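Trainee: Mind looking over this structure? Questions follow.
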Amino acid sequence: MALLLDTRLLLRKVKDLRCFTPRRNRVKKKWAATPTKHPPTGLALQHFDATYSSQLGKLWPSVRVALLSEGKYGALLNNFSDDSALAHLEAQGCRDFLTDTETEESEVAAVEESSNVSMKESGIDGQQETPLQLSRNIKCFVFPRADITRFKSARPDTYGLLGYYLMDAASVLPCLALDVQEGHAVLDLCAAPGGKTLALLQSQSIRFLCVNDASVSRMLRLKKVLRSYVPKELLTGERLRISSFDGTKWGEIETNTFDRVLVDVPCTTDRHSLMENDNSIFNKIRGGERRRLPQLQLELLLAGIIAACPGGEILYSTCTLSQIQNMSVVEQAIDMARENHGIQLQVVDLRPLTHMFRKTFHFAPDLHLGEMVIPHLAANFGPIYMCKLRRLT
Ligand SMILES: C[S@@+](CC[C@H](N)C(=O)[O-])C[C@H]1O[C@@H](n2cnc3c(N)ncnc32)[C@H](O)[C@@H]1O
């Protein structure tokens, strides 16, 4: 009898407690438990299957498996931090993919020579081959091929700065390809959350860096990254300018100014879209935004071209495999720069760079414009597309 009474009391208490739960929360819980019929990740996969199976042909099944598996990271070494991170990374058994190319460097000259011939064959007008000049200060550590060990998070050093930044190692390539030289003025047009900005700063040769992104919230993340990795004295003063403008309007602010411009545009972020439902560009309510991406990318690239000085160089990059967001955007930008702004551009050949790092990354074969890292299970980096343009006028 006593047990029965206790049970009734307990049940009443539970009922009373339910009364304290606001109704909206109870309803929310019920809704949240109902799975979405068409999650954005599923829609992304459908879309990629439809477009990439014809675009990539027999490569698509293996790229697809890699994209659906966990991606691999690289640890961008922070030169502003003390030496402890370097020792820590080396002890973990990873290597700097930028300096570990001795055996390959001897072959670069041969590739440069042969690329002249194949360029003529490819029929790309004005594609220019340049000597390979890599910043010796940028270092990015990766685990060996097929080793999927994860990096531990970086810890603050004695100055409170973090020793390395974890990012897709292929994202370092656009920064290398930009080829920043001593004394250059550089614009990073779509910079947040700041991985590539940080890589550019590691080169330690920039005279003036302008960092911009239209998203105020993402800019807050970028500022936090800079505070965590770069000494205060370098973040103040006239060498760094941080802004949050619509990059498509940059030409209204500044033209013919920068030696180097990085245009790392918003895109369908293929790997992220297959893995995450939150904040996905394949969410149905973002359909219009997704369809407008190529136009936005074109406007951003054109703005970057106009912001560069004659003789200056522009690096366009995305993290999608999409031909419409990659090559088509670059082709249209070259035409529009000539027709609407009288700017002549030359495509810079990046094959010496891709050849140098072919043991670390898988590159798409035979792209007629630019270069692309394609995901592969043994080297699951990318996708990263990049195309470099030089202003002739
Ligand atoms: C691929 S992300 C850039 C990633 C960044 N470069 C990095 O390495 O961390 C593209 C960025 O473009 C920004 N963006 C979108 N529209 C823009 C616009 N009209 N002007 C400038 N930035 C824009 C987004 O806020 C986003 O942060």
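The values are calculated or read from the model by the stated rules, or taken from the named source; none is laboratory data. Because the structure is predicted, anything quoted here is derived from the model rather than measured. Heads up, the Cβs are rebuilt from the backbone with ideal geometry, glycines too, and the neighbour counts pull from every protein chain shown. Ligands, DNA and RNA are excluded from the accessible area calculation, which covers all protein heavy atoms including side chains. Shrake-Rupley method; radii C 1.70, N 1.55, O 1.52, S 1.80 Å.
Trainee: Relative contact order for segment 295-393: what percent, with Cα pairs under 8 Å and sequence separation of 6 or more?
Mentor: 39
Trainee: In the structure shown, do any of Lys223/Lys249; Lys37/Lys196; Lys152/Lys359 have a Cα-Cα gap over 26 Å, and if so which?
Mentor: Going by Cα-Cα distance, Lys37/Lys196 fall outside the 26 Å limit.
Trainee: Classify segment 269-372: rounded, prolate or oblate, from the alpha-carbon gyration tensor (a ≥ b ≥ c, eigenvalue square roots; a/c under 1.5 rounded; otherwise prolate if a/b is larger than b/c)?
Mentor: Note, shape of segment 269-372 comes out oblate.
Trainee: Hey, another quick one. Once both labels are modelled 7 Å past Cα along the beta-carbon direction, what's the Arg95-Leu392 spacing in nm?
Mentor: Modelled inter-label distance: 4.1 nm.
Trainee: If amide hydrogens are placed 1.01 Å from N in the peptide plane, which non-local residues have theirs closer than 5 Å to the one on Gly312?
Mentor: Arg391
Trainee: I would also like to ask the following. On the protein heavy atoms, probe 1.4 angstrom, tell me the percent of accessible surface of segment 58-391 carried by carbon and sulfur. The partial results should precede the final answer.
Mentor: Numbers: 7600 of 14870 Å².
With neighbouring chains kept in place, the figure for segment 58-391 is 51 percent.
Trainee: Over segment 58-391, with the other protein chains present, what is the accessible area per residue in square angstrom, probe 1.4 angstrom?
Mentor: 45
Trainee: Let me ask something else about it. Around Gly163, what is the net charge, scoring Lys/Arg as +1 and Asp/Glu as -1 over all other residues with Cβ under 10 Å from its Cβ?
Mentor: -2
Trainee: May I pose another question? Let me make sure I get this right: for segment 58-391, a, b and c are the square roots of the gyration tensor eigenvalues over alpha carbons, sorted descending. Under 1.5 in a/c it's rounded, otherwise prolate if a/b > b/c, else oblate. Which is it?
Mentor: rounded
Trainee: In segment 58-391, with Lys and Arg counted as +1 and Asp and Glu as -1 at Cβ, which of these residues, Val65, Ser217, Ile314, has the Cα nearest the positive end of the dipole, that is, farthest along it?
Mentor: Comparing the listed Cα positions along the dipole, Ser217 ranks first.
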